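Down below is the structure, laid out as structure tokens.
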Amino acid sequence: MKKVSIPILLVSLILMYGGYCMPQEPFLITASFPLDEGGLGYILRIDQLGNSELKMETNVEKPEVNAIGVYQISIGQERAQELRKNLNLLSKRPFPKSPEGPPGTPMVRVALEEGGKTEQRFVDPSTSTPAMCQVADQIKKVGEDALKNPVQVIRMSASLDQAEIGRSAKLKVVIRLTADGAMESTVNDPLQTQSKTRGFTVWGVRSDLPVTELWPQHSIHQKLTTEYLTKADVPKDPMEPGCLTLKPSQKAEYQFEVPISWEPGAYAVRLIFETSRMGGKALRGNILSMPVQLKVK
């Protein structure tokens with residue numbers, strides 16, 4: 001039997017397995033999609049193995065999702081390496097000399113961390129090169145795919161019992177929070193927060209006036225507190241004071257009757273749930289419902 005030298009054998013194995021027997025150098029791709037002044041957005045992380053995690057802190061960009069939380073997906077080593085290669089190619093090109101976009105223009109922050117160094121770029125669709133925008137779109141597509149795999153997610157559904165109401169009458173509101181994914185989810189208890197923003201809020205904006213005629217008094221935020229609570233169906237024995245923890249598929253439902261003293265007119269009404277608890281695996285962010293028309297007589 002003919003002997004094969006160790007170097008030749010190693011080369012043969014590398015060729016046979018396409019080089020994947022070599023350990024992958026660690027790297028981390030991070031993409032952030034800032035959306036508002038509060039710093040909430042979408043944070044996507046992709047490592048050298050293709051493990052991808054999306055942390056969704058607001059549904060402003062995707063209002064139909066009605067959820068916040070953590071989503072995960074594996075895109076595989078090959079696709080992760082391709083994204084890394086594209087980012088490295090971009091890093092060798094100079095920044096385009098173009099005017100900055102107007103304030104509020106949505107941008108994507110993309111960072112590549114490897115070898116102890118981090119390089120980042122801000123991609124602005126109105127000023128960045130087509131190549132930069134294409135890489136940003138490829139990364140955002142990973143986030144969209146991750147949304148199909150919830151891990152630790154809270155969804156909100158909300159409804160109003162009336163489409164028309166008299167001024168100073170009570171508006172009936174029903175809000176349901178549901179845990180989605182493989183892990184339990186923790187948020188601020190909507191009924192035990194003293195913050196002016198955390199918890200549930202009814203937001204009404206006059207919809208029968210032109211945008212140019214809207215003044216601050218035409219946008220009303222009304223916090224939903226225990227004062228207006230008529231019924232609550234929530235899990236007993238909370239895991240931690242001040243928190244609401246829901247197991248997968250578990251629900252918490254709240255019913256309120258809120259006196260409305262808004263001036264007569266037509267309103268686009270949304271329900272907001274905000275949680276800003278930090279630490280551990282607790283979720284941070286806000287969920288904004290789709291608008292519902294309400295007429296105040």
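Laboratory data are not the source of any read-out in this text; all were calculated from the coordinates shown. Just so it is clear, the model here is predicted, and its values are computed rather than measured. Neighbour counts run over all protein chains shown; Cβ positions are idealised from the backbone, glycine included.
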* Once you put a point 7 Å from the Cα of GLN217 and another 7 Å from the Cα of GLN120, both along the Cβ direction, what distance in nm separates them? -> 4.3
* Structure fact -> Scoring the range 187-297 by relative contact order with C-alpha pairs under 8 Å, at least six apart, yields a percentage of 32
* Approximate spin-label separation ASP137-ARG79, in nm, with each point projected 7 Å along Cα-to-Cβ -> 1.7
* For the range 205-220, Karplus couplings with θ = phi - 60° (6.51, -1.76, 1.60), whole Hz, Gly/Pro x -> 10, 4, 10, 9, 10, x, 4, 5, 9, 7, 10, x, 5, 8, 10, 10
* Please give the peptides 281-293, 44-56 ranked by average Cβ packing (other Cβ atoms within 10 Å per residue), highest first, as a rough proxy for protection. => 44-56, 281-293
* To do: Using a Förster distance of 22 angstrom, determine the FRET efficiency expected from the C-beta separation of SER159 and VAL65, and round it to 0.05.
  => 0.80
* Using Cα pairs closer than 8 Å and at least 6 residues apart in sequence, work out the relative contact order for the range 99-189, in percent. => 21
* In the range 104-229, how many lysine pairs have Cα atoms under 25 Å apart, counting only pairs 8 or more places apart or on different chains? -> 7
* Given a Förster radius of 22 Å and the C-beta distance between GLN192 and LYS172 as r, what FRET efficiency does 1/(1 + (r/R0)^6) yield to the nearest 0.05? -> 0.45
* **Whole-Hz couplings from phi, Karplus 6.51/-1.76/1.60, listed for the range 68-75; x for Gly and Pro** => 9, x, 10, 10, 9, 7, 10, 9
* Structure fact -> Quick calc, LYS236 & LEU209: beta-carbon distance into FRET formula, R0 35 Å, rounding 0.05, result 0.15
* Structure fact -> Contour minus Cα-Cα span, THR30 to ASP145, at 0.36 nm per residue, comes to 39.8 nm
